[in-house]
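Chemist: Pasting in a structure now, in structure tokens, and then I'll have a few things to ask.
Throughout, read-outs are computed from the coordinates displayed, never taken from laboratory work. Computed from a predicted structure; not experimentally measured. When we count neighbours, we look across all protein chains shown, and the Cβ atoms used for this are built from the backbone with ideal geometry, even at glycine.
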């Protein structure tokens, strides 16, 4: 079985702060675990319970993309935090206003779900949502690697990856 989209829904998120590091490609995940950088952000916000109280699907490790015309402009690794979270030294922030997300649940083996994110654009649009672009015409989306949906495989060895677009 290949990874498949099993659920598409719209969710509302409050104003939040994304704290992380910016990259020019998809590398960098290994250094995050090796250096304990997710722990640094979690400690800065007072534990993941703080963001879970703000947004029920928060608290995840996030790969955030900003694209224009299909071209990757920015790639960030980090976490969403409450809006007033202090940014630890060596990290950057993106402050986000209250918004809506078009979310896809991609079900499959961990090594397959990332390859299926390209199907989410159409799935979100087919669900009646309009993908939002910023003033430069760029679109932001992200892999929301939420515990335990993504981190604990089910009896078939599959996980669920939340893939989200900011929508109008």
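Chemist: Among 25, 154, what is the fewest-to-most ranking by other Cβ atoms within 10 Å? Intermediate results must be reported in sequence, preceding the final value.
Modeler: Numbers: 25 7, 154 11.
Ordered by Cβ neighbours within 10 Å, fewest first: 25, 154.
Chemist: What does the extension gain come out to for residue 12 and residue 131, with contour length at 0.36 nm per residue minus their alpha carbon separation?
Modeler: Values: separation 119, 0.36 × 119 = 42.84 nm, distance 1.39 nm.
Contour length minus the Cα-Cα distance gives 41.4 nm.
Chemist: Please list the radius of gyration and Dmax for segment 4-167, considering alpha-carbon atoms only, with Å as the unit.
Modeler: Rg and Dmax of segment 4-167, Cα atoms, are 15.1, 45 Å.
Chemist: Another one. Tell me, in nm to one decimal, what length is gained between residue 97 and residue 4 on full extension, where the rule is 0.36 nm per residue of separation less the Cα-Cα distance? Intermediate values should be presented prior to the final figure.
Modeler: Working: separation 93, 0.36 × 93 = 33.48 nm, distance 3.06 nm.
Extra length available between residue 97 and residue 4 comes to 30.4 nm.
Chemist: Pairs of alpha-carbon atoms within less than 8 angstrom and 6+ residues apart define the contacts here; what relative contact order does segment 4-167 have, in percent? Working shown, then result.
Modeler: On the way: 337 pairs, mean separation 52.2, N = 164.
Result for segment 4-167 is 32 percent.
Chemist: Given 0.36 nm per residue, what is the gain on full extension from residue 152 to residue 72 after removing their alpha carbon distance, in nm?
Modeler: On the way: separation 80, 0.36 × 80 = 28.80 nm, distance 2.95 nm.
Answer, rounded to one decimal: 25.8 nm.
Chemist: Return the calculated 222 nm mean residue ellipticity for the chain, to the nearest 500 deg cm²/dmol, obtained by summing -39500 (n - 2.57) across DSSP H runs with n ≥ 4 and dividing by the residue count.
Modeler: On the way: 5 runs with 32 residues, N = 168.
Result for the chain, helices only: -4500 deg cm²/dmol.
Chemist: Cut-off 10 angstrom, C-alpha nodes, Gaussian network model of the chain. Which of 119, 144, 69 fluctuates the most?
Modeler: Largest GNM mean-square fluctuation: 69.
Chemist: What list do you get for 136, 162, 49 if you sort them by fewest beta carbons within 10 Å? Could you put the intermediate results ahead of the total?
Modeler: Numbers: 136 8, 162 23, 49 12.
In order of increasing Cβ crowding within 10 Å: 136, 49, 162.
Chemist: Still on this structure, I have one more. Can you grab the distance from the C-alpha centre of segment 1-39 to the C-alpha centre of segment 107-133, Å, no decimals?
Modeler: 14
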